[in-house]
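S.K.: Have a look at this one before I ask anything.
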Amino acid sequence: MRLKQVSLAAAISVVAGLTTATVGLTGPVARADSGTTAALPLSHYAHMVVDGTHQRLFFSQGSGTTGIVVTDLSGDPVTTIDGEQGADGLALSADGKTLYAALTDGDAIAAIDTATLTETGRVGTGTGTAPVSVAVAGGKVWYSYVADDGKGTVGSVDPSAADPAPTPQPVMPHWSAAPLLSTGGGVLAVNAAQDAHSSMTHVATYDVSSGTPSLKVDMGLGGAATGPVQVTPDGTRLLVPQSPAVYVYSTADLSTAKPYVYYTGGVGSSPDSVAVDSDGTIALGSTAGSGAGAYLYAADQIAENRFAFPAGTVAADGLAWGADGRTLYAVTQDNGSYALDVLGDAKLTDTVLSLNTPPSHPIPAQQFTVTGTVGGHGFVPVGATLKVTRDGTDLPDATVGADGSFGITDTRKDEGAYTYEVSYAGDATHRPATTSLKVGVYRVDTYIPYPEFGSATPHKVAFTGTVMTYLNLGPFTEGDTVQVTRTNEDTHESTQLPAVPLDPATGRFTVADDPGTAGWFTYRLSFGGDITHRPSSNDVGTTISPYAPALTLKAPTTATRGAALSFGARLGDGPYDSGEKVTVTRADAAHTTTPVTWTAPVAADGTVTVKDTPSIGGANVYTVSYAGDTSHRAATASATVQVSRATTSLSVTANASTYAYGATATVTAHLGTTYNGRTVSLYATPAGGKKTLVKTGTVDGKGNLTATYKLAHNTTFTASYAGDHRYAPATATRTVSDQVKVAQALSGYYTTTTYSGTTYRVYHHTAQPTATTTVSPDKSGQCVHFQVQQYYSGAWHTLSTSGCFTLGSKSTVAARLSLSHAVNQKFRVRSEYVHSSKDTTNVSTWGGWQYLTVRT
């Protein structure tokens with residue numbers, strides 16, 4: 001397998017990117033002597049495994065040694081398992097019953113019973129393989145070793161097999177030395193060992209949950225690893241120690257994951273130990289520099305604790321978590337001596353407890369909630385119970401949620417300031433804490449803004465108001481009311497109106513009143529308050545305007561001239577005082593500027609009767625006007641009545657029914673008997689064109705009006721009489737037809753001759769004359785027919801009439817004539833424009849004859 005290459009520039013950019021986001025140490029430094037320390041009988045130190053089931057610790061000592069040291073959880077010696085040549089990497093089986101050891105000097109993987117502390121089996125990996133690291137995942141034991149080519153690689157052993165045997169993994173690449181292994185969540189991470197001067201860390205990750213490795217990613221990372229890599233228990237992230245920090249990558253693609261880095265801090269610090277607990281707590285160890293010691297991080301949060309070891313420093317790969325979720329075991333070294341530091345409360349931290357002022361204003365008799373949070377440097381005591389009191393009185397306990405939040409729900413009937421105290425008793429990882437908060441419970445301030453007026457007339461005042469609260473706090477109490485007092489500012493008379501109910505959900509109320517007169521009024525609106533709301537009031541000034549009565553007329557649409565006419569009218573918003581009147585005017589054709597005027601009485605209910613005898617026919621416009629009084633504004637309404645008129649005769653004639661193209665038509669309109677109007681207008685409407693005025697004038701003594709009009713299309717002539725005082729308007733029409741201009745030409749002749757005064761075009765018998773026809777106006781797309789006649793027996797006889805020849809885009813078409821057997825014969829040809837149903841603007845038209853003869 002070829003390795004994916006990473007350029008130096010890319011490697012540098014990876015490191016630079018990682019340092020842009022950090023998780024730094026902010027907590028206090030804890031002393032190692034807060035736990036226990038025990039000397040370890042080790043000549044060297046390689047690896048440590050915690051057996052929570054049997055309460056033991058296993059320590060390997062690496063190449064050149066022969067025993068695995070076993071102690072209890074305090075570091076007191078239990079035994080040494082001898083004969084384990086060069087035991088280096090250690091790993092427990094999934095059930096905790098077997099300890100597997102990579103025997104570097106023994107070229108084998110040893111299986112040790114954790115209950116009896118005896119070796120129960122050994123699988124040889126081959127001479128010179130020198131296995132270094134071992135891990136358990138997917139039902140297999142994975143180990144790193146040196147292959148025949150001198151390169152490091154990975155093999156596996158199936159411990160469930162009847163005869164377990166080493167199995168090389170061909171999917172694994174070969175490194176310069178045996179790599180280091182780490183597992184978590186079914187993921188196997190392989191970290192290639194590098195020399196101290198290497199600027200790269202080679203990492204590959206595999207999904208081994210099925211027992212068969214499936215490559216996820218294989219690539220180089222910028223910067224040399226300073227210790228073994230670790231996979232988080234969920235298998236999603238890879239922790240890579242690289243001075244001066246531990247960087248975090250995704251196991252899926254080795255992209256950086258948040259947080260990008262955990263710092264061990266201090267000048268010259270190089271992390272070389274990483275331990276991840278099942279709850280995500282990360283412990284880091286640094287063996288050198290001012291930042292030497294152990295660091296704790298709560299998952300992705302800031303550093304929780306830091307431990308310094310005055311008698312030594314953490315050995316490389318010397319940290320491991322206990323099965324109790326709280327103890328951290330650290331192997332320290334000092335001048336060649338090794339010790340075990342047991343930090344029994346490594347995660348123990350100060351509890352950060354806080355209370356928040358309620359976001360909404362607490363109100364008497366209404367439930368409110370005081371919220372808070374509990375935690376400390378990322379550790380959250382989910383489900384923990386908090387003791388709560390109010391002014392020393394016990395309240396129900398609060399429970400801590402998944403995000404560290406909790407709530408205290410309470411209701412106070414009386415206004416005042418109340419002190420709430422919350423206490424946390426502490427737990428395995430938290431110290432006790434207490435905090436308090438004073439909460440003020442007060443009634444809500446209210447105010448009454450200017451209301452929404454629906455009407456303000458002398459007998460009907462209606463408006464809707466709202467008692468509002470600041471910050472929209474409520475609701476109101478059932479039965480709350482608003483007191484209303486009306487004051488006439490003109491007379492200074494005040495009247496107490498009935499109280500109006502308040503809608504408890506919205507605070508709205510409606511006032512309906514009958515002041516009885518127009519003028520300026522003030523309405524005082526007073527809310528007396530309730531258990532949760534304070535009183536408020538507002539003075540609302542308004543003008544009561546006179547009515548604007550609607551005036552409706554019930555006039556008929558038509559009437560008979562000279563006959564009595566009567567119709568009704570009505571003014572709204574009554575009653576009306578006795579003696580009120582309206583003014584009636586009538587405008588007609590005889591009274592356009594000075595209408596006829598009279599008055600009519602107004603009844604108490606506002607009804608009016610209009611009486612008249614119209615003498616002028618046509619549109620009679622009746623207008624009824626009311627001047628108004630102290631309680632009513634002026635009003636006006638109009639209605640049009642069409643008064644009957646007699647009919648008269650009107651006709652149009654023309655001097656012809658069909659005209660040549662461009663000819664002038666003479667048109668005459670004849671008007672019959674009228675009263676006082678003798679004016680007629682003549683209009684022309686060409687087919688497809690607009691109607692235009694030809695002439696307007698008074699008819700002569702015979703009742704005639706004559707005009708001329710030049711034609712270009714079929715045209716309709718319209719005579720119009722506007723009517724007079726006694727005769728109704730009249731119209732009449734006459735439509736005439738117009739021909740087109742047919743221009744014809746013959747081409748191809750060589751001379752002309754004359755017979756009986758008629759000019760003939762002379763053609764050779766070999767010629768083919770062309771007859772061309774042009775039609776005006778433009779008739780493109782229409783048809784032309786050609787007709788040919790021959791003269792014999794003293795008369796002209798038709799030889800042929802063609803079918804349709806379509807006029808082209810220029811309204812022109814040509815036809816070719818054949819002269820076979822035509823020598824010394826006389827012929828003539830003409831064309832006819834034949835309009836189709838689509839052409840309504842002109843009629844079909846024949847052109848003139850063109851004469852020709854043929855000679856040899």
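The values are calculated or read from the model by the stated rules, or taken from the named source; none is laboratory data. The structure presented is a predicted model; accordingly, all values stated were derived computationally and were not measured. When we count neighbours, we look across all protein chains shown, and the Cβ atoms used for this are built from the backbone with ideal geometry, even at glycine. Just so you know, the surface numbers come from the protein's heavy atoms only, side chains and all, with ligands and any DNA or RNA stripped out. Shrake-Rupley method; radii C 1.70, N 1.55, O 1.52, S 1.80 Å.
S.K.: Return the Rg/Rh ratio of region 747-800 with Cα-based radii and a Kirkwood Rh.
M.R.: 1.04
S.K.: Another question, if that's okay. Which of the lysines could be linked to Lys151 by a straight reach, that is with a Cα gap under 19 Å, when you skip same-chain ones fewer than 8 residues away?
M.R.: Reachable lysines: Lys4.
S.K.: Still on this structure, I have one more. For Lys554, give me every one of the lysines with a C-alpha distance below 16 angstrom, ignoring sequence neighbours fewer than eight places off in its own chain.
M.R.: The reachable lysines, counting only those whose Cα sits under 16 Å from Lys554, are Lys611.
S.K.: Suppose each label sits 7 Å from its Cα in the direction of the beta carbon; what would the Thr552-Asp234 distance come out to in nanometres?
M.R.: Each label point lies 7 Å from its Cα, and together they span 7.6 nm.
S.K.: Find how much the distance from Thr653 to Val171 grows on full extension, using 0.36 nm per residue of separation minus their present alpha carbon separation; answer in nm with one decimal.
M.R.: Values: separation 482, 0.36 × 482 = 173.52 nm, distance 11.10 nm.
Full extension from Thr653 to Val171 adds 162.4 nm.
S.K.: Using 0.36 nm per residue, how much length does the chain from Ala634 to Asp72 gain when fully extended, once their Cα-Cα distance is taken away?
M.R.: 191.3 nm
S.K.: Report, to the nearest whole %, how much of the accessible area of the chain belongs to carbon and sulfur atoms, 1.4 Å probe, protein only.
M.R.: 50
S.K.: OK, next. Identify all lysines with a Cα-Cα distance to Lys97 below 26 Å; exclude those on the same chain that are fewer than 8 residues away in sequence.
M.R.: Once the sequence-local lysines are set aside, what remains near Lys97 is Lys140.
S.K.: How much FRET efficiency would the formula 1/(1 + (r/R0)^6) give for Tyr442 and Val382, where r is the Cβ-Cβ distance and R0 is 35 Å, rounded to 0.05?
M.R.: Rounded to the nearest 0.05, the efficiency is 0.50.
S.K.: Treating the Cα atoms of region 767-840 as identical point scatterers in vacuum, please give the log10 of the normalised Debye intensity I(q)/I(0) at q = 0.15, 0.16, 0.23, 0.25 Å⁻¹, two decimals.
M.R.: Computed log10 I(q)/I(0) values: -0.56, -0.62, -1.01, -1.12.
S.K.: Next up: Evaluate Rg over Rh across region 136-243, taking Cα atoms for both radii and Kirkwood's formula for Rh. Intermediate results must be reported in sequence, preceding the final value.
M.R.: Numbers: Rg = 13.6 Å, Rh = 14.1 Å.
Ratio value, two decimals: 0.97.
S.K.: DSSP loop trypsin sites (Lys or Arg not before Pro) in region 772-856 with at most 15 other Cβ atoms within 10 Å of their Cβ, which ones?
M.R.: Lys810, Lys838
S.K.: Quote the convex hull volume per residue of region 381-526, based on C-alpha atoms, as a whole number of Å³. Please report the intermediate quantities before stating the final value.
M.R.: Working: hull volume 20.9 nm³, N = 146.
For region 381-526, the hull spanned by Cα atoms encloses 143 Å³ per residue.
S.K.: Using θ = phi - 60° and the Karplus curve 6.51 cos²θ - 1.76 cosθ + 1.60, what whole-Hz ³J(HN,Hα) does each residue of region 484-493 get, with Gly and Pro shown as x?
M.R.: So the Karplus estimates, Gly and Pro as x, are 10, 10, 9, 10, 7, 5, 7, 9, 6, 8 Hz.
S.K.: A further question follows. Would you please give the residues with an amide H less than 5 Å from that of Arg56, counting only those at least 5 places away or on a separate chain, with H modeled from the backbone geometry?
M.R.: Amide H to amide H, under 5 Å and 5 or more residues apart or across chains, Arg56 pairs with Asp51.
S.K.: Now a separate question. Rounded to the nearest angstrom and ordered from largest down, what semi-axes does the equivalent ellipsoid of region 31-104 get from its C-alpha gyration tensor (root of 5λ)? Write down the numbers at each step before the final one.
M.R.: Details: eigenvalues 81, 51, 21 Å².
Working through the eigenvalues yields semi-axes of 20, 16, 10 Å.
S.K.: To test your reading of the geometry: what angle, between 0 and 90 degrees and rounded to tens, separates the Cα axis of helix 8-18 from the longest principal axis of the chain?
M.R.: 90
S.K.: Highest mean first, how do 546-554, 273-281 rank when packing is the count of other Cβ atoms within 10 Å averaged over residues?
M.R.: 273-281, 546-554
S.K.: If I model region 472-601 as equal point scatterers sitting on the Cα atoms and use the Debye formula, what is log10 I(q)/I(0) at q = 0.09, 0.16, 0.17, 0.18 Å⁻¹?
M.R.: Log10 I(q)/I(0), no solvent term: -0.55, -0.93, -1.00, -1.07.
S.K.: In Å², and per residue, what accessible area does region 496-613 have when probed at 1.4 Å with the other protein chains present?
M.R.: Per residue, region 496-613 has an accessible area of 50 Å².
S.K.: Taking 2.2 N^0.38 Å as the expected size of a compact globular protein, what ratio does the Cα radius of gyration of region 339-379 give against it, to two decimals?
M.R.: 2.06
S.K.: Kindly give Rg over Rh for region 623-760, based on alpha-carbon atoms, with the Kirkwood expression for the hydrodynamic radius.
M.R.: 1.38
S.K.: Arrange the peptides 47-58, 180-191, 71-82 so that the one whose residues have, on average, the most other Cβ atoms within 10 Å appears first.
M.R.: Working: 47-58: 19.3, 180-191: 23.2, 71-82: 15.6.
Going from most to least packed, we get 180-191, 47-58, 71-82.
S.K.: Taking a quarter of the surface of the Cα convex hull of the chain, what do you get in nm²?
M.R.: On the way: hull surface 333.2 nm².
The number I arrive at for the chain is 83.3 nm².
S.K.: Averaging over every viewing direction, what projected area does the convex hull of the Cα atoms of region 383-463 cover, in nm²? It would help to have the intermediate numbers written out before the result.
M.R.: Details: hull surface 38.7 nm².
Average of the hull's projected areas for region 383-463 equals 9.7 nm².
S.K.: Starting from the Kirkwood Rh over alpha-carbon pairs, what translational D in µm² s⁻¹ does region 613-700 have by Stokes-Einstein at 25 °C and 0.890 mPa s?
M.R.: 137
S.K.: For a quick size check, give me the Cα extents of region 311-358 along its three principal axes, largest first, whole Å.
M.R.: Between the extreme Cα coordinates on each principal axis of region 311-358 lie 60, 23, 15 Å.
S.K.: To the nearest 20 debye, what charge dipole does the chain have about its Cα centre, counting +1 at the Cβ of each Lys and Arg and -1 at the Cβ of each Asp and Glu?
M.R.: Computed about the Cα centre, the dipole is about 9400 debye.
S.K.: Still on this model: Report D for region 95-195 in µm² per second (integer): Stokes-Einstein, Kirkwood Rh on Cα pairs, 20 °C, 1.002 mPa s. The partial results should precede the final answer.
M.R.: Working: Rh = 13.6 Å.
D, rounded to a whole number, is 157 µm²/s.
S.K.: I want to verify the translational diffusion coefficient of region 77-153 in µm²/s; compute it with Stokes-Einstein, Rh as the Kirkwood radius over Cα pairs, at 37 °C and 0.692 mPa s. Show your work: numbers first, answer last.
M.R.: Details: Rh = 12.6 Å.
Answer, rounded: 261 µm²/s.
S.K.: Under 5 Å between amide hydrogens, which residues at least 5 positions from Tyr760 or on another chain qualify, with H placed 1.01 Å from N in the peptide plane?
M.R.: Close amide H contacts, sequence-distant or interchain: Thr753, Thr754, Tyr755.
S.K.: Still on this model: Distance check, please: which entries in Lys690/Lys810; Lys779/Lys838; Lys710/Lys741; Lys387/Lys438 exceed 18 angstrom between their Cα atoms?
M.R.: From the list (Lys690/Lys810; Lys779/Lys838; Lys710/Lys741; Lys387/Lys438), the Cα-Cα distance tops 18 Å for Lys690/Lys810.
S.K.: Would you grab the residues whose amide H sits under 5 Å from the one on Arg122? Only those 5+ places off in sequence or on another chain, please, with H modelled 1.01 Å from N.
M.R.: Ala111
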